[in-house]
Amino acid sequence: MRLNFLITLLFYFVPTPTIFAGMADTTKLPILAWAGVPPEEASIARYQEMKNAGLTISLTRSTSIDSMAMMLDMAEQAGVRLIVRCPELQTDPENTVKRFMHHPATAGYYLKDEPSAKMFEELGKWASRIQAVDSQHYCYLNLFPNYAVPQQLGTDTYQQYVNDYIKNVQVPFISFDHYPVIETKGIRTLRKEWYENLEIVAAASAKVNKPFWAFALSVAHGFYPIPTLAELRLQVFSNLAYGAQGIQYFTYWTPKNKSQYAYHHGPIDDNKKKTDVYEMLRILNREIQNLSPVFLSSKVISVEHTGKEIPSGTHRLTHLPAGIQKLRMKGSGAIVSVLQNAGKRFIVIVNRDFIYPLKLSIKGKSGIEKISKDGNTLNIGTHTFHEEIQPGDIIVYGIQ
């Protein structure tokens with residue numbers, strides 16, 4: 001079934017949900033630092049540094065329940081939140097949750113990263129035990145990408161993997177990772193499976209009336225290069241165009257494990273210093289929050305693609321969105337997403353090319369307005385508007 005038809009059907013026939021059930025902060029998009037400030041480096045200053053980059057939640061392993069408590073106290077003073085991750089959450093979940101459920105810095109509870117489907121039943125039971133004590137904070141699990149092999153997934157297909165997860169693990173949102181930018185012999189390309197992964201998760205999310213969170217890769221390792229701002233923008237804005245309600249970065253602090261993946265040049269490097277990637281995150285996260293009136297709690301009406309070739313598993317734009325009289329593009333291709341939010345409609349266009357700009361001409365039937373990444377708006381009226389979208393970047397219009 002086509003994604004845009006499925007989501008449109010669900011939008012009109014399913015009552016508006018409380019999509020942030022189990023999530024205390026609904027005022028801004030969650031932006032998560034995977035491998036955030038490590039326990040041995042935890043301090044108010046370090047959490048403040050993370051907050052200054054626009055990150056709102058930190059996820060990292062703590063060594064004990066007492067270490068977790070100290071980290072939460074520091075995070076509270078800095079104004080960020082943490083996902084509880086300590087050994088006692090697994091060995092004694094009820095009492096651990098009781099200790100942290102009223103802490104202002106508690107964001108949720110970490111269960112597992114990239115589990116096999118064979119683990120779903122037990123993870124579902126663990127989540128239920130936690131949520132029986134605390135229904136106000138989410139349990140966090142993160143799924144494999146669709147380029148994982150069946151032996152990793154524990155199922156024959158990725159679609160079955162996602163379906164089995166939703167059936168067995170009752171949590172407030174779906175999280176998955178996919179790192180699309182790879183480098184081979186000095187040439188950077190996008191994984192062919194990426195947008196199909198977004199299609200599958202977005203459709204599954206809509207079907208069960210739950211939001212999803214998605215990733216951008218911010219640390220170099222293996223054949224994943226040091227990211228450019230254009231590559232980060234492409235990942236984040238593509239996720240948002242598909243309806244993501246949370247953005248996650250892997251990683252914030254450069255991991256120490258060098259033997260297998262050779263992690264290097266994350267936002268905070270091996271010397272505990274900020275890198276240019278930190279500055280990229282600060283710029284991008286400010287843009288995300290400035291556009292939060294468009295994306296936060298939005299409903300996806302349709303997601304379609306343009307270009308001579310469109311990504312595998314996606315759908316070509318064949319008709320102009322309602323309210324648009326003219327839409328012309330010159331470039332290698334774009335995402336064209338239509339969102340509805342608080343009674344307003346928006347057309348979101350993302351340049352799929354992270355190297356070259358895309359030229360755009362647009363005209364509304366009864367007037368449109370441009371919503372800039374600084375949060376300002378420009379009334380275009382019914383004039384034809386010409387724009388150049390930078391590599392990996394986004395442009396948003398409000399449709400009257």
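The values are calculated or read from the model by the stated rules, or taken from the named source; none is laboratory data. Because the structure is a prediction, the values reported are computed rather than measured. Neighbour counts are summed over all protein chains in view; Cβ atoms, including those assigned to glycine, are modelled from backbone coordinates with ideal geometry.
Applying the selection to the stretch 64-79, what residues are part of a loop (DSSP other than H, G, I, E, B) and more than 27 Å from the chain's Cα centre (by Cα)? Listed by number, the list holds a single entry, SER64.
Might you let me know whether the stretch 144-160 holds any residue that is out of contact with any helix residue (DSSP H, G or I) (no Cβ under 9 Å at 6 or more places or on another chain), assigned to a strand (DSSP E or B) and at pLDDT 95 or above? No.
Quick one: in the stretch 87-107, of everything that is hydrophobic (A, V, I, L, M, F, W, C) and either closer than 29 Å to VAL236 by Cβ or out of contact with any Asp or Glu (no Cβ under 9 Å at 6 or more places or on another chain) (or both), which residue is surrounded by the most Cβ atoms within 10 Å (Cβ to Cβ)? This residue is ALA107. Criterion applied to LEU339, LEU378, LEU327 was being of a type in the set (A, V, I, L, M, F, W, C), outside any loop (DSSP other than H, G, I, E, B) and farther than 23 Å from TYR195 by Cβ, and the one residue passing it is LEU378. Among the residues of the stretch 126-138, the ones that are crowded, with 18+ Cβ neighbours inside 10 Å and in contact (Cβ under 8 Å) with a residue 60 or more places away in the chain come to 3 in all. The sole residue among LEU123, LEU82 that is buried (at least 21 other Cβ atoms within 10 Å of the Cβ) and either in the same structural domain as ALA35 (by TED's automatic domain parsing) or part of a helix (DSSP H, G or I) (or both) is LEU82.
Could you please let me know if GLU193 is among the charged types (D, E, K, R) and either crowded, with 22+ Cβ neighbours inside 10 Å or touching a Pro at 6+ places or on another chain (Cβ under 7 Å) (or both)? The answer is no for GLU193. Evaluating PRO104 against the criteria (1) assigned to a strand (DSSP E or B); (2) closer than 20 Å to LEU29 by Cα leaves one unmet condition, (1).
Taken over the stretch 126-143, the criterion of being in contact with a helix residue (DSSP H, G or I) (Cβ under 9 Å, 6 or more places away or on another chain) and part of a strand (DSSP E or B) is satisfied by TYR138, CYS139, LEU141, LEU143. Residues of the stretch 197-247 that are crowded, with 24+ Cβ neighbours inside 10 Å and modelled with pLDDT under 95: none at all.
Considered as a group, the residues in the stretch 276-286 that are closer than 30 Å to LYS192 by Cβ and surrounded by fewer than 20 Cβ atoms within 10 Å (Cβ to Cβ) include one that is farthest from the chain's Cα centre (by Cα), and that residue is ASP276.
Against the conditions (1) out of contact with any helix residue (DSSP H, G or I) (no Cβ under 6 Å at 6 or more places or on another chain); (2) under 30 Å from HIS265 (Cβ atoms); (3) crowded, with 18+ Cβ neighbours inside 10 Å; (4) not polar (S, T, N, Q), PRO321 satisfies every one except (2). Note on the stretch 37-62: residues that are assigned to a strand (DSSP E or B) and closer than 18 Å to LYS256 by Cβ amount to 2.
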